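Working notes for the structure below.
Every number here is computed from the coordinates shown, using simple stated rules; none is lab data. All of these numbers come straight from a predicted model, not from anything done at the bench. So basically every Cβ, Gly included, is an ideal-geometry build from the backbone, and we count neighbours across all protein chains shown.
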There are 2 protein chains.
Amino acid sequence: MTVEETRCRRAMDRIGLLLARHGGISNARLRQALEATGLTTRQGMTLMHLAETGPIGQQALMEAIGVDASALVAILNDLERDNLVERRRDPADRRRHIVLLTEAGTEVLTGVDTAMTAVERELLAHLTPAEVATLHDLLTRINTSAHDEACAGS
Amino acid sequence: MTVEETRCRRAMDRIGLLLARHGGISNARLRQALEATGLTTRQGMTLMHLAETGPIGQQALMEAIGVDASALVAILNDLERDNLVERRRDPADRRRHIVLLTEAGTEVLTGVDTAMTAVERELLAHLTPAEVATLHDLLTRINTSAHDEACAGS
DNA sequence: TATTGTTATACTCTATAACTATA
DNA sequence: TATAGTTATAGAGTATAACAATA
């Protein structure tokens, strides 16, 4: 297509930059909303995942929430210190730690959910429900996995 | 199935979390792609804005790229050290610094643009051009400004 | 040797408050 | 006093490599 030369599109037409910026804003809002629960965004997200999956090994949990091993350790250390999760050795493979929600962790979850709902309501205030659904669909289809196709060049 | 009660939607149905995560990924990819230019994402973004707006005060630049004053100072210090931008006192109001691209900064810009294009091509590999346009539109309409409506509570 | 989880480290981004110099 | 810019500092997120225990 004709378009202008590929060179130098306006900065905020750059979807990469838009995503980075909105991600930062979402993160900041979530953190603020979660302050009442004493959790960070990633801690809240981790609790939500545990509630969905039930007891799970750290490897699987890592993939589910998209952080690396050392980051997950830090998250779980904090959560375990506050008795929101518990790590148990897997008797079948003593290298593995099975992570599970405690009763206290389950209770905190309600507050997390409320906070996230409030943040979303605000972020998406100008969008219709149909648009929100579209946005959700498009976001999940963004290529998140490691570099595979396209631009594989060098 | 009958869905569960509204409480506790699946974590990755949370748009706030999706945005935060994809933002982080975009940022990481951009950083990696910009490594060749020796710039961080925000430095690259700053150069792009300067190219669009021309000479501009730091207050205006802050708003344009969405970082706060102290963050901008750090960005500009690095860029100025590398002679990519220049700060000049505004003779009309000696408190103000007018920021502008140097010739070297303009040259680097081409590499920044190429890197960003490559990253986007990869992130958006599974979307049609129409979907990309929709995504762009929806992202720009997310409520980025300070808390006004909804959840204003305390 | 490979895998699971841990520790240590460092860099980026973000947020806040205190400071300066001008107005 | 108010504003433009600066400095300092701290917390959160991310990335990497080295390590221990177990398989």
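Ordered by the number of other Cβ atoms lying within 10 Å of each residue's own Cβ, fewest first, A:Glu35, B:Glu80 fall into the sequence A:Glu35, B:Glu80. Charging the Cβ of each Asp and Glu at -1 and of each Lys and Arg at +1, and nothing else, the dipole of the protein assembly as shown about its Cα centre rounds to 560 debye.
Annotation: amide H of A:Gly57 within the under-5 Å range of A:Val99, sequence separation 5 or more or interchain, hydrogens built in the peptide plane.
Per-residue Cβ neighbour counts within 10 Å put A:Arg81, B:Arg121 in the sequence A:Arg81, B:Arg121, beginning with the fewest.
Computed 3J(HN,Hα) for region A:20-34, one whole-Hz value per residue from the Karplus formula 6.51 cos²θ - 1.76 cosθ + 1.60 where θ = phi - 60°, is 4, 5, 5, x, x, 5, 4, 4, 4, 5, 4, 4, 5, 5, 8, glycine and proline marked x.
Couplings 3J(HN,Hα) of region B:82-92, computed from phi: 8, 6, 9, 9, 9, 10, 10, 4, 7, x, 6 Hz, in residue order, whole Hz [Karplus 6.51 cos²θ - 1.76 cosθ + 1.60, θ = phi - 60°; x for Gly and Pro]. Shielding of peptide A:132-145 by partners, expressed as the average count of other chain Cβ atoms within 10 Å per residue Cβ, is 6.
For the residues of A:39-52, the average number of beta carbons from a partner chain within 10 Å of their own beta carbon is 3.
By the helix-only formula, in which each DSSP H run with n ≥ 4 contributes -39500 (n - 2.57) and the sum is divided by residues, chain A has a 222 nm mean residue ellipticity of -18500 deg cm²/dmol. According to the calculation over all Cα-Cα pairs in region B:41-125, the P(r) per 10 Å bin from zero is 17, 49, 26, 6, 1 %. For region B:48-88, the Kirkwood estimate of hydrodynamic radius, built from reciprocal distances between every pair of different alpha carbons, is 10.4 Å. Here region B:83-106 is scanned for amide nitrogen atoms under 19 Å from the site 7 Å beyond the Cα of B:Gln59 along Cα-to-Cβ, giving B:87-100. Between copies, B:Thr128 shows label-point distances of 1.9 nm, shortest first, with the point placed 7 angstrom from Cα along Cα to C-beta.
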